[in-house]
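The values are calculated or read from the model by the stated rules, or taken from the named source; none is laboratory data. Since the structure is predicted, the reported quantities are computational estimates derived from the model, not experimental observations. Don't worry about glycine lacking a Cβ; one is built from the backbone with ideal geometry, like all the others, and counts go over all protein chains shown. Accessible surface is based on the protein model in full, side chains and every heavy atom, while ligands, DNA and RNA are left aside. Shrake-Rupley method; radii C 1.70, N 1.55, O 1.52, S 1.80 Å.
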Amino acid sequence: MRRVEDPPLLTGDTRFVDDLAPPGTLHACFVRSPYAAARIEGIDAAPARAVPGVEAVLTAGDIPGGLRAVLDRPEFTPTVMPLLAGDAVRHVGEPIAMVIADSRYSAEDGAEEVLVDYDPGPAVASLDRALAPGAPRVHDEMDDNLLLQVPMYDDPELDDILARAAALLEARFTTGRVTAAPMEGRASLARWDRRDSRLLVYVSTQVPHLVRTTVADVLQIPEHTVRVIAPDVGGGFGLKCVVGREEILVAAAALRLGRPVKWIEDRYENLAASWHGHEQRYDVRAAFDANGTLLAFDADISCDVGAYSCFPFSCGVEPLMAATEMPGPYRLAHYRARTRAVATNKVPIAPYRGVSRPQITFVMERVMDKAAARLGLDPVDIRRRNLIARDDFPYTGITGLVYDPASYRESLDLCAGHLGHDDWRARQEAARRDGRLVGLGFSCFSERTGYGTPAFAQRRMSITPGFESADIRMDPSGGVTVAVGTLGHGQGHRTTLAQVVSDELGVDPAHVRVVQGDTDATPYGWGTFASRSLVIGGGATKLAAGALAERLKRVAAHLLEVAVEDVELRDGRLQAAGAPEVSMSVAEVARVAHHAAHRLPPGEEAGLQARAGFDPPGTFSNATHGAVVEVSPATGEVRIHRYVVVEDCGVVINPMIVDGQVRGGVAQGIAAALYEQLLYDDEGQLLTATFMDYLVPTAAEIPPIEIHHLETPCEYSATGAKGMGEGGTIGAPAAIANAVSDAVGHLGIEVDAIPIHPAWMRARIEEARAR
């Protein structure tokens with residue numbers, strides 16, 4: 001089934017926030033700090049107010065308040081992210097004033113005239129600087145720059161096991177800071193509806209209901225007076241699953257001025273002042289026995305989380321995820337971790353596609369390859385010895401996570417077979433004789449998906465997301481409308497959810513309408529992030545459709561004068577089992593339920609509607625990625641010759657959409673491995689603030705991606721499906737790094753940091769030649 005979302009996208013019949021222009025719309029532009037750390041001694045907005053077209057200039061005194069994410073942990077230090085900085089700025093790009101004018105051009109002209117008197121101070125722009133004794137503090141009220149420090153899973157036997165291991169690996173791994181860079185940046189338009197006395201907020205978001213709650217709470221207005229609508233959303237990748245201060249400020253300005261106010265993020269703001277992710281460092285020790293069995297693992301995890309906690313997930317989202325899910329798909333009996341969220345004078349981090357799992361997979365998979373080299377084992381064999389096997393399920397990991405059945409070893413073997421692993425060394429040696437540096441790398445991982453409230457509650461946030469609900473109703477013609485709290489923003493939810501409903505009701509998917517992204521029209525839900533929508537939203541949809549199907553059968557049984565258990569629902573008809581001539585169409589039953597309610601069975605309500613909720617414990621998808629690369633000795637450039645994915649996301653509802661998600665995720669993972677990195681200098685100035693410097697790969701850099709599927713149905717999912725939206729991003733960096741290491745390992749070069757820059761690689765090759 002093709003995606004129903006595509007024709008409007010291809011023909012331009014879409015509706016993004018920037019396409020909306022109510023009469024009298026004003027435009028906002030933010031005055032942003034040029035300093036990473038400074039006191040604000042004064043702000044003079046008078047010159048800006050004199051600029052033609054400028055209607056207002058708002059500062060912290062006009063719109064006070066801020067966002068405060070909270071974790072119920074003694075190790076966590078909450079901070080307030082002000083809506084507008086009033087006393088101090090803590091990163092380049094922090095908003096200080098909001099200029100509102102009759103056009104974006106006038107607003108930008110006005111912003112240039114706002115005079116801010118700064119007293120610059122020393123910045124901390126790296127983990128080492130932030131953790132150094134006597135380092136300047138990002139927040140004066142704190143004793144140091146640790147927003148979160150948690151020792152986890154300590155094991156008194158671990159140090160002795162490490163000391164006695166046949167092979168002890170010690171290494172430091174680092175991953176670069178990245179940003180989501182969606183095609184559509186953040187965007188918001190708000191207006192006060194005088195007729196209904198309500199605030200209407202149109203926003204490019206992944207979480208409409210959360211935006212509504214937050215706007216109402218911060219502006220101190222009743223939540224029922226706020227309606228949030230997400231029109232077409234041009235990508236999110238986690239960037240839009242948190243609530244930003246700009247969205248609240250636009251709403252506050254619309255309330256204050258009584259006029260529609262619009263703000264559209266430009267690309268510089270998106271790179272320099274939005275949300276970042278994934279800048280992490282791992283110092284690890286891993287013990288293996290002589291046969292390659294992983295015995296113990298010790299990890300010291302440091303995450304550069306920027307200046308503030310994102311709302312509502314907090315700065316703990318990456319470090320806590322990293323420590324909890326570090327073992328991944330491998331059996332491990334002894335484990336210890338210390339995880340830290342370190343404040344720096346940089347843009348705050350938010351959940352980014354994969355949330356620490358690309359990093360922990362990079363670490364674990366590099367450790368596996370290093371151990372194989374140390375012990376003289378094959379990289380595939382050492383993984384096979386340590387992966388959780390079919391007979392182990394249900395498997396309770398060392399961190400307490402319960403793994404449902406998966407296909408870890410099967411996916412590895414299938415991927416290795418497709419890449420010709422058995423004769424790889426011979427082919428590699430032949431290439432080396434020709435002066436070519438080629439390598440083969442693998443990445444095995446689990447992707448925890450479908451987080452319900454039981455999983456999110458373990459993080460101890462002040463807001464605990466997780467459940468989803470679906471409302472479904474059938475109109476008198478037999479058409480179906482299903483309203484869900486999840487929100488597709490490129491994933492094809494209207495297509496897949498219609499398929500789920502179609503399977504339950506026996507109707508054509510074209511007769512199913514999916515409503516999402518409007519807090520007035522949908523049940524309260526948590527939006528779309530963390531590979532949850534088809535598992536949880538799809539589960540609620542299936543259960544609601546199943547309940548509606550049962551109602552249809554009861555009504556049809558009464559009208560056909562047969563037993564309910566004998567009614568079959570298929571191909572748009574309700575018929576008696578074994579007697580297809582005794583039947584009614586779904587549309588006929590729907591007409592009776594609405595227009596002839598007196599003919600319904602006793603006790604049956606008029607109309608046809610149902611509602612269901614779903615709140616599962618979570619599940620694990622899994623995959624193996626394999627890559628063949630070639631490294632240029634002359635330039636250090638890495639080219640990918642082959643890329644193979646073996647994916648197991650349970651029951652595949654729509655293979656085309658699944659493959660599209662895999663390919664998009666792999667592209668982002670390749671980007672993190674080879675191209676994308678946000679770099680700051682020692683003063684906290686962003687050095688990669690345009691697409692000339694922040695290198696988003698094009699189609700020329702992304703190879704064809706060969707995808708194969710296994711299906712292990714999920715026991716905890718109503719549809720049998722597992723989430724899979726982040727898997728491509730999770731597996732790709734490790735597969736690429738291992739392949740590059742395999743290509744140059746004989747030269748004594750190991751890849752323990754990403755992205756892998758050509759200049760760095762060329763320098764290492766030249767050093768090896770000199771040796």
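How charged is the neighbourhood of residue 414? Take every other residue with its Cβ under 15 Å from the Cβ of residue 414, and add Lys/Arg as +1 and Asp/Glu as -1. After counting each charged neighbour, the total is -2. Exposure check, 1.4 Å probe, all protein chains in place: residue 418 carries approximately 70 Å² of accessible surface. Accessible surface for residue 687 stands near 100 Å², nearest 10, in the context of the full protein assembly shown (1.4 Å probe).
When you filter the GluC sites (Glu not before Pro) in region 1-107 for DSSP loop state and at most 16 other Cβ atoms inside 10 Å of their Cβ, you are left with 75. Roughly speaking, to the nearest percent, how much of region 67-117's 1.4 Å accessible area is carbon and sulfur? So the carbon and sulfur contribution to the accessible surface is 43 percent.
Packing, taken as the mean count of other beta carbons within 10 Å per residue, orders the peptides 259-267, 126-134 from highest to lowest as 259-267, 126-134. Out of every Cα-Cα pair in the chain, what percent are more than 39 Å apart? Of all Cα-Cα distances in the chain, 40 percent exceed 39 Å. Only Lys, Arg, Asp and Glu carry charge here, each on its Cβ (+1 for the first two, -1 for the last two); on that basis the chain has a dipole of about 440 debye about its Cα centre. Across the protein chains, with a 1.4 Å probe defining accessible surface, the residues 611, 390 rank 611, 390 from largest area downward.
Surface composition of region 270-401: carbon and sulfur atoms hold 46% of the protein heavy-atom accessible area at a 1.4 Å probe. With a cut-off of 12 Å between beta carbons, the residues surrounding residue 218 carry a summed charge of 0, where Lys and Arg count +1 and Asp and Glu -1.
Shown for the chain are the DSSP H helices of 24 Å or more along their axis, judged by Cα atoms, with a mean Kyte-Doolittle hydropathy of at least 0.0: 538-560, 655-674, 727-744.
Shown is the FRET efficiency for residue 166 and residue 550, computed with R0 = 60 Å from the Cβ-Cβ distance and rounded to the nearest 0.05: 0.50.
Which whole number of Å³ per residue matches the convex hull of the alpha-carbon atoms in region 331-404? Show your work: numbers first, answer last.
Details: hull volume 11.1 nm³, N = 74.
Normalising the Cα hull of region 331-404 by residue number yields 150 Å³.
Loop-located trypsin sites (Lys or Arg not before Pro) across region 399-494 with a Cβ neighbour count of 16 or fewer within 10 Å are 436, 460, with loop assigned by DSSP. What are the lysines whose alpha-carbon lies under 30 Å from the alpha-carbon of residue 722, with same-chain residues fewer than 8 places away excluded? Of all the lysines, those that pass the test against residue 722 - Cα under 30 Å, at least 8 places apart if same chain - are 240, 542, 553. Taking the DSSP beta bridges with both ends in region 131-255, the antiparallel portion is around 60 percent. Helix content alone sets the calculated 222 nm mean residue ellipticity of the chain: runs of n ≥ 4 DSSP H residues at -39500 (n - 2.57) each, divided across all residues, give -8500 deg cm²/dmol.
Per residue, the solvent-accessible area of the chain (1.4 Å probe, heavy atoms of protein chains only, all protein chains present) comes to 37 Å². The trypsin sites (Lys or Arg not before Pro) of region 143-199 that meet both conditions, a loop assignment by DSSP and at most 10 other Cβ atoms within 10 Å of the site Cβ, are 194, 195. Tally Lys and Arg at +1 and Asp and Glu at -1 over the other residues with C-beta under 10 Å from the C-beta of residue 643: what net charge comes out? Net of charged neighbours comes to +1.
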